[in-house]
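Some notes on the structure that comes next.
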Amino acid sequence: MTTDLISRARAGDADAFRALTEPHRSELQVHCYRMLGSLQDAEDALQDTLLGAWQGLPGFEERASMRTWLYRIATNRCLNALRTAKRRPALEWNVPGVEPPEPTQLGEVAWLEPYPDEMLDAAITVPVGPEARYEQAQSISLAFVAALQVLPPRQLAVLILRDVLGFRANEVAVMLESTVESANSALKRARAGLQRRWAPDAHRREPAVDVSRAEAAIVAKFADAYGAGDLDALVALLTDDVFMSMPPMPLEYRGREIVARFFLLIFRANRRFALVHTRANGQPAFGAYLRTPTGPFPGVGFVVLTLEGDRISAMSRFDSSVLPWFGLPMSLCVDPAGNRC
C-alpha cells in the first residue's frame, strides 16, 4: 500500500502524498516545537518540511521508513531555522501602575511559547523507539522544552532524536549526515547540559488525560485565590522554591517570598481577574482576563502551572496573544451578574 502511494505521489498525486504524510503530521509538529520552543515557528517548520518532502520525493530511496525520512527533513529544517533566526528582543514590563520587584534572574529563553493539549493527543501517544529515555508526556512539559532551548542546535537535535524519540545512533547519524561517533559525542554533551538545567524527577507528571482529583482541587483553589486577589490563599498553594517566569519578558522569580511580593504589588493595584481553565504542555493552564466595571473583560495573559504534590512549584505567564491557540477569546463577554455570555 505504501509503495503504491509513493509511486502515485511521485507522479504528482497530491492526495497520495497527503495519505503518506498526514499520519505523521502531529508528531512532526511537536518535534519542531521541542526544537524551536515556539508553536508559530514549529508550524512554519512543519510546512517547510512538507514542501521539502513533496519536492524531494523522487529522491526518496526507501532505505528508511517514510516516518524516519520525514523526521530527517524536519530536523534539518529546524536546524536551519535555529542557525539563521534573528534573535528577537525580549519585551519590557508593560503592566500599567505596577512596578515589579527586582527579579531573581533574567531568563535565557525569552520566546518560549505554550502548546495546546488538544494538539498533543495525536502526538504523545505515538510509540517511541527502544532507546527513548523520557516519556512523551514528560518531554513536552514547559520546563523540559525551556531547558532544551539553551542547548547548542546540533546537541539539541541529537538529544531529542535519541532520548525523546528513541531513534538509534546510526539512524541519527544518517539524519544529520554525521558519524555515529560524532552523534554519540554530541549526545553526551547534551545530556550533561540538560541535567544542569532540568531535574527529571521534580517535573515528572502523569499524562494530560489522567487529571487527578488532587490536581482538580489545587487548580480550583488557585483560580479562586488568583481571581479574587487573595494573597494569603495564593501563597499557601506555593512551594518554598516556587519559580515564576513570564516569556517574552525575561523577568524570573524564585522563592515563595519574592513571588508573594510580586503578587502583592499586582493585587494592591486593584487588578482582579477572571480565569478560564484549559491545558497546555500537559499542565493545567488559564486564560486571564482583567475584570472591568463595564464592558467585556480584556485578555491580559495566559498562565501555566507546574504542580508538585498538592502545591504549585512553577508558574509561567505568557502574553495574551496566545489565547486564540487555545480556543479562548481575546476578550471575555460577561453579563451583569458576572457570568460568561
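Laboratory data are not the source of any read-out in this text; all were calculated from the coordinates shown. This is a predicted model, so every value here is computed, not measured. Backbone-built Cβ (ideal geometry, glycine too); neighbour counts: all protein chains shown.
Laid out as a table, the results:
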| quantity | calculated |
| --- | --- |
| Nonlocal amide H pairs with residue 107, under 5 Å, H built at 1.01 Å | 251, 252 |
| Residues whose placed amide H lies under 5 Å from that of residue 242, excluding near-sequence neighbours | 255, 256 |
| Tensor-based shape of region 210-329 (alpha-carbon gyration tensor, a/c under 1.5 rounded, otherwise prolate or oblate) | rounded |
| Angle between the chain longest axis and helix 25-36 axis [Cα atoms, degrees, rounded to 10] | 70 degrees |
| Dipole in debye (nearest 20) - the chain, about Cα centre, beta carbon charges: Lys, Arg +1; Asp, Glu -1 | 580 debye |
| Top positive-direction residue, dipole computed over the chain with Cβ charges, set 71, 212, 17 | 71 |
| Partnerless Cys - the chain, beta-carbon criterion under 4.7 Å | 32, 78 |
| In Hz, Karplus ³J(HN,Hα) per residue of region 60-71 (6.51, -1.76, 1.60; θ = phi - 60°; x = Gly, Pro) | 6, 8, 6, 6, 10, 5, 4, 4, 4, 4, 5, 5 |
| Centre separation in Å (Cα based) which lies between region 242-268 and region 50-115 | 26 Å |
| Cβ-placed point charges (K, R +1; D, E -1), dipole of region 45-139 about Cα centre in debye, nearest 20 | 600 debye |
| Computed label-point distance, nm, for sites residue 184 and residue 240 using a 7 Å Cα→Cβ extension | 4.3 nm |
| Built amide H within the under 5 Å cut-off of residue 307, gap 5+ | 313 |
| Listed candidates (1) 26.1; (2) 16.0; (3) 18.8 - label of the one calculated as mean projected area of the Cα convex hull in nm² | (3) |
| Nearest-ten-degree value, helix 180-197 long axis tilted from longest Cα axis of the chain | 0 degrees |
| Cα-centre dipole for region 266-333 with unit charges at Cβ (Lys and Arg positive, Asp and Glu negative), debye to 20 | 260 debye |
| Packing-based order for 72-83, 186-197, using average beta carbon neighbours within 10 Å, highest first | 72-83, 186-197 |
| Considering only region 213-332, percent of DSSP beta bridges that pair antiparallel, nearest 5 | 85 percent |
| Label-zone membership for region 124-156, site residue 64, 7 angstrom Cα→C-beta point, backbone N under 17 Å | 128-132, 154-156 |
| The chain - mean residue ellipticity at 222 nm from DSSP helices (-39,500 (n - 2.57) per run, n ≥ 4, rounded to 500) | -13000 deg cm²/dmol |
